[in-house]
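Structure first, commentary second.
The values are calculated or read from the model by the stated rules, or taken from the named source; none is laboratory data. None of these values were measured; they are calculated from a predicted model. Every residue, glycine as well, gets a Cβ built from its backbone with ideal geometry; the counts of neighbours run over all protein chains shown.
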Amino acid sequence: MSFSLLCDRNNGALLDAYPEGGPEGWRYLVSHRLATEYPSGGLTMGFSPNFPDRRKLYDFVDSILDIRVVSERVRRIILELAPQDVEFLPVTLVDHQKDVVSRDYFIMNVVAGRDVIDLERSTVDMSSILPEDIDDVSELVLKDDIPEEGPKVFRPKHLRIYTMVDPTVQAALTAAGLTGVKFLSANGWDGKFR
């Protein structure tokens, strides 16, 4: 079974702060549902003041926060293919002057996890703070015996701040012509997002 890393680093608007009034920032980095403690009307996220020239809004919004912020178009596709794997938390995006740019974006909170990395064959450094997490990747190797059934969008065990997708989801997102995203083969990944 092949999987791809979802890479949303791009030259568009950049987010650098979690929304105020919701769950603490670290809570977005674990596979737990947050909708019950998230305000029903959504929260606001602003473009980074450190990058005033980055204003373009893509379907996948760049972030230094290790969370995915996506458009309504992305939400519809993921909900159709993998509704149990993800929840979507509404956000209003504001620009550098705090003017509303869009109310149709969501934090894509990936709640599914999957054990797909072969740690013995991968060339990685584990974190000294969180010993179950990979800190640095030189070459990622996936397990040979990954079952076909299972989450289609998930956080890989040991790399929980990343999102992997199966070929079905990748094909659908690519066919939709979504902007601000690229896919990197997880098997053999060298830890770079070029």
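Below, the figures for the structure above:
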quantity	calculated
Some residue of the range 70-77 being closer than 24 Å to Ala186 by Cα and either of a type in the set (Phe, Trp, Tyr) or assigned to a loop (DSSP other than H, G, I, E, B) (or both)	no
Residues (buried (at least 19 other Cβ atoms within 10 Å of the Cβ) and more than 16 Å from the chain's Cα centre (by Cα)) located in the range 141-171	Leu142
When residues of the range 175-191 are limited to those that are of a type outside the set (Gly, Ala, Ser) and under 22 Å from Met1 (Cα atoms), the one surrounded by the most Cβ atoms within 10 Å (Cβ to Cβ)	Trp189
Spans of strands (runs of 3 or more DSSP E) in the range 98-194 with at least 2 residues in contact with a helix residue (DSSP H, G or I) (Cβ under 8 Å, 6 or more places away or on another chain) and closer than 25 Å to Phe88 by Cβ	100-110
Only listed residue being at pLDDT below 95 and part of a loop (DSSP other than H, G, I, E, B), chosen from Leu57, Leu65	Leu65
Which numbered condition Ile64 fails, given (1) in contact with a His (Cβ under 6 Å, 6 or more places away or on another chain); (2) within 19 Å of Thr179 (Cα to Cα)	(1)
Residue within the range 63-80 that is over 14 Å from the mean Cα position of the chain (by Cα) and crowded, with 17+ Cβ neighbours inside 10 Å present	yes
Residue within the range 104-113 that is in contact with a Leu (Cβ under 8 Å, 6 or more places away or on another chain) and either exposed (fewer than 15 other Cβ atoms within 10 Å of the Cβ) or without any contact (Cβ under 8 Å) to a residue 12 or more places away in the chain (or both) present	no
The range 63-117, residues that are in contact with a Gly (Cβ under 9 Å, 6 or more places away or on another chain) and of a type in the set (Asp, Glu)	Asp95
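Yes or no, residue by residue, for (1) surrounded by fewer than 17 Cβ atoms within 10 Å (Cβ to Cβ); (2) among the charged types (D, E, K, R):
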residue	(1), (2)
Asp16	yes, yes
Gly22	no, no
Trp26	yes, no
Ser31	yes, no
Leu34	yes, no
Met45	no, no
Asn50	yes, no
